[in-house]
Amino acid sequence: MVKTRRIITTLLRLLALGATLSATVVMVTSHDSADVLNLKFSAKYTNSPTFKYYVIAEAIATGYSLIVLFLSSKSLVWRLIVILDVVIAMLLTSSISAALAIAQIGKKGNSHAGWLPICGQVPKFCDHVTGALIAGFVAAIVYLVLNLYSLHAVLSPLFPVKP
Amino acid sequence: MAPQSGTEKPMFGYGSISCKAKSRWSWTMVGLRLLAFLATAAAAVVMLLNKQTKTFVIATVGTTPVNLTLTAKFQHTPAFVFFVVANGLASIHNLLMVMVDLFGSKVDYKGLRFAMIAILDMLNVALVSGGANAAAFMAELGKNGNSHARWDKICDRFGRFCDRGGGALIASFVALALMLIISVISIVKVLKSNK
């Protein structure tokens, strides 16, 4: 039973590690430039503080997943790991929701504020950012599932009826 | 993993808290939850009533000025709508938890009370963190604009709207910190009652 739990949490953490790593890498390598009416219009992820925060948050989550994966199975640190998982899940959801909000403005614009969408001019950048956001979303979901599973596995001795 | 020693153990731990004299620990939790409820409710309400109308003079035809009335409402931005919804749901959750803590000492379901409280707390922390952060970066965009994307800032024209939004954001971040502490305490309770 402990073995099964170890295997499932390790698998989930590997999945989350892959998702956060790909989100970071895809966002960092996204750039595009276009010439509109003799103006050079270049888009990089550093143009928006939201995307910079996104890269930093995903990088922190990647480093954390890597460290925890290589942790030995001593039971002293596992309670701290459960709590840190909640903090990292919070960090991931915050970064993905902020990046989604800004990306939605980039794609649709905001007519009330007079902000025009930019995806028409730099389509490659938009596609790249969309890919990074999908990976980040998957990472957030996986971390939430991991948290639920950790809490459930901690409590399984409490269930009076075996499922 | 600690070996389980029968199913009475968690019931024993749970029963000792619902005794006549509530320990100082659980009063602290009730106080924290009440503060978190007030903070999320305040954030949701302030952002809900955030509206500013301003009339601009854009041209003068002869002697009569041509006016343009612009309104800034929270519904214009999906990030703020999500902020209001997330804080509303979190405040309902906090209120429910306060009621359960004060009046529902006997409420239980197959011994899963601490588990459900811990899981719900964690889910609501994720929700509030998502809403608060999305609104924070949207507000930063409104305050500074983005020169690379040719987006103008709007806070110099709609100052009151920005100030009220900033107040709601501060309340939401305070609520987020409180809810994180509450969630950590709930998880520690679950881990302790499972020893």
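The values are calculated or read from the model by the stated rules, or taken from the named source; none is laboratory data. Bear in mind that the values here come from a model prediction, so they are computed numbers and not experimental data. Quick reminder, even Gly has a Cβ in these numbers, built from the backbone with ideal geometry, and neighbours come from all protein chains shown. When the accessible area is computed, the model is the full protein with side chains, heavy atoms only, and any ligands, DNA or RNA have been set aside. Shrake-Rupley method; radii C 1.70, N 1.55, O 1.52, S 1.80 Å.
Things to note:
- Of A:Ile56, A:Ile105, all but one fail to be over 18 Å from the mean Cα position of the chain (by Cα) and either part of a helix (DSSP H, G or I) or under 25 Å from B:Phe80 (Cβ atoms) (or both); the exception is A:Ile105.
- Test result for B:Ile170, part of a helix (DSSP H, G or I) and either farther than 19 Å from B:Met47 by Cα or open to solvent by less than 20 Å² (accessible area, probe 1.4 Å) (or both): no
- Residue match in segment B:174-183 (condition: in contact with a Ser or Thr (Cβ under 9 Å, 6 or more places away or on another chain), more than 10 Å from chain A (Cβ to nearest Cβ) and small (Gly, Ala, Ser)): yes
- Positions within segment B:142-153 being open to solvent by less than 30 Å² (accessible area, probe 1.4 Å) and touching a residue at least 12 places away in the same chain (Cβ under 8 Å), in sequence order: B:Gly142
- Residue ID - most open to solvent (accessible area, probe 1.4 Å), chosen from residues in segment B:46-89 that are more than 13 Å from chain A (Cβ to nearest Cβ) and in contact with a Phe, Trp or Tyr (Cβ under 9 Å, 6 or more places away or on another chain): B:Leu49
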